[in-house]
Every structure is written in C-alpha cells, then in structure tokens.
Amino acid sequence: MKLFHTVSLAAIGLLFAACGADSAAEPTAKELRFSVIPDFNKAKLADDATKLAAVLSRKLGVPVRYEPSNDYTMAVNGLIANKLDFVWLGGKTTVDAIDAGKGSVHVLATRDIDLAFKSYFIGNKAAVDGGKLKQLADLAELQPSAKALTFTFGDKNSTSGHLMPRHFLVAAGIDPERDFKTMGYAEGGHSGTLKAVASGSADLGALNFAYYDKASAEDRANAPILYTTPDYVDYAWVAHDRLGAALKGKLRDAFLQLDPAQADDKAILTAWSAGRFVPAEDELWNSIREVRDSLPKGFLK
C-alpha cells in the first residue's frame, strides 16, 4: 500500500488556478460555522480557532464562528447534520466525513506537512536509561520486551495517535492488546500521550510528530523518540457542498492564500504547524480508508 503521495509543484499550481475560478462570486451565507477535532489541549485549540475565525471573517466578508467539539465523532457528525459548515479533521475522520457525506463532503485544503505526515513512538527516559527500552530500527524489535512494557495510544479516532501506529505495529507482528503488558488510550489526545510517557505512567506511546516537535524541551527530554513511522497523509480542512461552489472556492482560497509574510496569517500558520496550506483532492486519503477498513471495527469508535 502506498501511503505517501507525491504532489508536484506543477500540479499544485494548476489546482491554485482552478480554485481561483470560484472566488469572484460573492458569498451568500450569513455565517459560517466550523470546528476542529480536540486532539490536544482544548483551551489552546479554542484560542487558536477563535483567532482563525477572526482572520477568515475579514478575508471572506462573512462572520465565521468557531464551535468546539467534545470529541472527534462530534466534529464529523456536526458537519453531516448541518451544525457545521467546515471542519479540521485528521486522516481517519476525513474519510469518515467523506463517506458519511455520500458525495457531498470534500477536502478543501491540507497543510504542506500533511502530505508526508508521520508518528513518533516515544519512550520514558528512565526506562531508556535503565535499558528497558532502546532506539528502534524496526518496530519488530519490540517483540522480545513487549510483555514487560506498558503502552498508550492517543484517542481511538486519531490517525497519528492510534490508526497508523496500530497499523505499523500489526505489520511488525505485534498485537497491542495481546503483546504488551498493558495497552490503553491516553486522555487528552497527543498531549495526554506525551504526559503519560514523560511521567512514567506509560513506558511507551505513539503520537503526532508535529505536536511532539512543538512540545516543551523538558517533556521531550523525558520522552525521547525511539522510532519514526513511514510517511502517510493526515489532516485536512473538509467542507460540505451545501456552502455552494462559489463560497467553497472563496473559503479554499482564504486558506491557500494565508501568507507567512503577514503577521496575522503567520500566527495562524504557526498555530497549525504549517508552512502553507495547499490544495488537495479526496483521493489522497484513499490509503487511510484502506487502513481504517483493514482493522476490526472494535478498535475504532
């Protein structure tokens, strides 16, 4: 299965040109509602999303309102039930939304980093220093010691904190439920995973590389990286067709034209760990759908 899709600069240029075709039409919506999956600190997410709403309101000339979601499923369901117009989703929830929308939900844009995303497997520093854990060239190297290790995923619906780490573990011949001493799911998403491993509540965990790279030096020192997964596609902005082609085009352009040379735009890009947002098509997430559908249903909410 090919998890990483190469997107040429020429192709991106063509998509930019196509996206601009809708932008001349004036928006007709009185207000746009959006949410983001709660994959780390909810207060920080709310602050970042509120700032994004202000920037998009100014760029679109339409009020944009952030609606918090308590969990991943709520973000997807809100889009389908006409409680939200667009959402920031992970790879798994992107395909969940596309499938639930039955042809009416599509990807607007993704970050440059999401075209080659990855997860880190991190270990508790004391366990590493004591010889219980070591750097891994391959996840299969965990097999001899797995029975002595406590392991944590992030949220069950997280692509980078659960779906893809589980996929890579299974491909290495490791059954997380059977082969680890204990296996669980950290509360608080990626921040919960990092806290659990750094504190020693878990020996080993898997999380989003972009979140880890922005974490405090202390937390990273207490939970060093032991293994980096192969690349895959992940997060995306996803919108419902009820917005209409013209408004969707303007919204897409607003994301694609966020400029790191402009202070307000740069703050948004930094908050989203993005160099730029780039255009993308639904088909890029087919590989994530294949992984999702390959797992027993009980492993996913």
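Tabulated data
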item: Any chance L115 is surrounded by fewer than 22 Cβ atoms within 10 Å (Cβ to Cβ) and closer than 19 Å to A280 by Cα; result: yes
item: Residues of region 200-222 classified as of a type in the set (G, A, S) and closer than 17 Å to F40 by Cα, total; result: 5
item: Residue ranges of helices (runs of 4 or more DSSP H) in region 1-89 with at least 1 members assigned by TED's automatic domain parsing to the domain that holds P260 and at pLDDT 95 or above; result: 42-60, 72-80
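Yes/no matrix, rows are residues, columns are (1) of a type in the set (S, T, Y); (2) under 14 Å from V197 (Cβ atoms):
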| residue | (1), (2) |
| --- | --- |
| N124 | no, yes |
| G131 | no, no |
| K134 | no, no |
| A146 | no, no |
| S160 | yes, no |
| M164 | no, no |
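The values are calculated or read from the model by the stated rules, or taken from the named source; none is laboratory data. Since we're looking at a predicted model, the values are computed, not measured. Here Cβ is always computed from backbone atoms with ideal geometry, including for glycine, and neighbour counts include all displayed protein chains.
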